[in-house]
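Structure record follows, encoded as structure tokens.
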Amino acid sequence: MKILVATDKPFAKVAVDGIRKIVEAAGYELALLEKYTDVNDFYIAVADADALIVRSDKVTKEVVDAAKNLKIVVRAGAGYDNLDLAACTARGIVAMNTPGQNSNAVAELALGMMVYMARNTFQSGTGAELKGKKVGIHAYGNVGRLVAGIAKGFGMEVYAFDPFVTKEAIEKDGVKVCATVEELYSTCHYVSLHIPANDKTKKSIGYDLLSKMPKGGCLVNTARKEVIHEEELLKVLEERTDLKYVTDIAADNQAVLNEKFGTRVFATPKKMGAETAEANINAGLASANQIVKFLQAGDKTFQVN
Ligand code: 3PG
């Protein structure tokens, strides 16, 4: 059995070493394709793979078609919008993610971004403190919960909106529940996005919500660029000269945003929410373990298709 790790953005070496150990202990072979620039290299590498581990690498129908022996693909991470689930299902390939494994890294970055924006992107001038400010968690999943906990450490007042989580589950963390998404945006100085990118959420964050934010409001995006309505973001930033946008996933129109809005906007040069050794180890090793359990015992825990 051959397990391919195909990562445009490679795991830390310590994570790859750990994956290799798990794979070889199970009697399987590990193949590595890192920093590939040509998708054809992916097609060739996956041709004889029985299992596949990826990060944000796109597992398209073409990849699935090229992967004649593939039985399982694991997205080492939370969001699986990069997997063509229909193509996997049509071929009987099990698709999984590794929920929670890299969440802390993303949550820490979200708070770091809030500090960075509150302090004028570390330029001279008087900034503001997070203490006493209201932060809204848009989707109270693994990352959202951790953001809430860290934000409380900063002395922030924490609110959340998540139609899929009970009021009781949110309130037991000392977090106030917003009944509607509009209430979250109109209440909070900072809104931290933790929604997945899917047909319902794509382009869902736009003018209507952002224009409701209090004076000096800041949207923090460590989720996906696809959930932002970019034209409307530009419009609201033009109209509301007090609003700020910070993102770990540069917008398609980021160059325009940077030019127009200067230090009111910031995008990391490369998506780095999950770029910690710890997150790489957690998600990478979980992926390898999930594959071994599936191949050896048919365990489909964390299947998403
Ligand atoms: C995730 O969905 O787990 C994060 O966005 C991390 O993505 P990455 O593996 O490309 O860093």
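In contact (Cβ under 8 Å) with a residue 24 or more places away in the chain, open to solvent by 10 Å² or more (accessible area, probe 1.4 Å) and more than 16 Å from the ligand (Cβ to nearest atom): does that describe Gly92?
Here the answer is no, as Gly92 does not meet what is asked.
Hey, Gly77 hits all of (1) assigned to a loop (DSSP other than H, G, I, E, B); (2) under 30 Å from Gly141 (Cβ atoms); (3) within 16 Å of the ligand (Cβ to nearest atom); (4) open to solvent by 10 Å² or more (accessible area, probe 1.4 Å) but one; which does it fall short on?
(4)
Which one of these is outside any strand (DSSP E or B), touching a Leu at 6+ places or on another chain (Cβ under 7 Å) and modelled with pLDDT of 95 or more: Ile170, Ile249, Ile150?
Of Ile170, Ile249, Ile150, the one residue that is outside any strand (DSSP E or B), touching a Leu at 6+ places or on another chain (Cβ under 7 Å) and modelled with pLDDT of 95 or more is Ile150.
Could you grab me the full set of residues in the range 255-282 that are within 14 Å of the ligand (Cβ to nearest atom) and either in a helix (DSSP H, G or I) or in contact with a strand residue (DSSP E or B) (Cβ under 7 Å, 6 or more places away or on another chain) (or both)?
Ala277, Glu278, Ala279, Asn280, Ile281, Asn282
Given the conditions (1) in contact with a Ser or Thr (Cβ under 9 Å, 6 or more places away or on another chain); (2) more than 16 Å from the ligand (Cβ to nearest atom); (3) open to solvent by 10 Å² or more (accessible area, probe 1.4 Å), which single one is not true for Glu62?
(1)
Here is a list: Leu33, Leu109. Which entry is open to solvent by 20 Å² or more (accessible area, probe 1.4 Å), farther than 19 Å from Ala288 by Cβ and within 16 Å of the ligand (Cβ to nearest atom)?
Residue meeting the stated conditions: Leu109.
Quick one: count up the residues across the range 134-148 that are farther than 17 Å from Ala78 by Cβ and either aliphatic (A, V, I, L, M) or surrounded by fewer than 21 Cβ atoms within 10 Å (Cβ to Cβ) (or both).
Number of matching residues: 2.
The values are calculated or read from the model by the stated rules, or taken from the named source; none is laboratory data. These numbers were taken from a predicted model, which means no experiment stands behind them. Cβ coordinates were reconstructed from backbone atoms using ideal geometry, including for glycine residues, and neighbour counts include every protein chain displayed. Ligands, DNA and RNA are stripped out before the accessible areas are found, and what is left, the full protein with its side chains, is counted by its heavy atoms. Shrake-Rupley method; radii C 1.70, N 1.55, O 1.52, S 1.80 Å.
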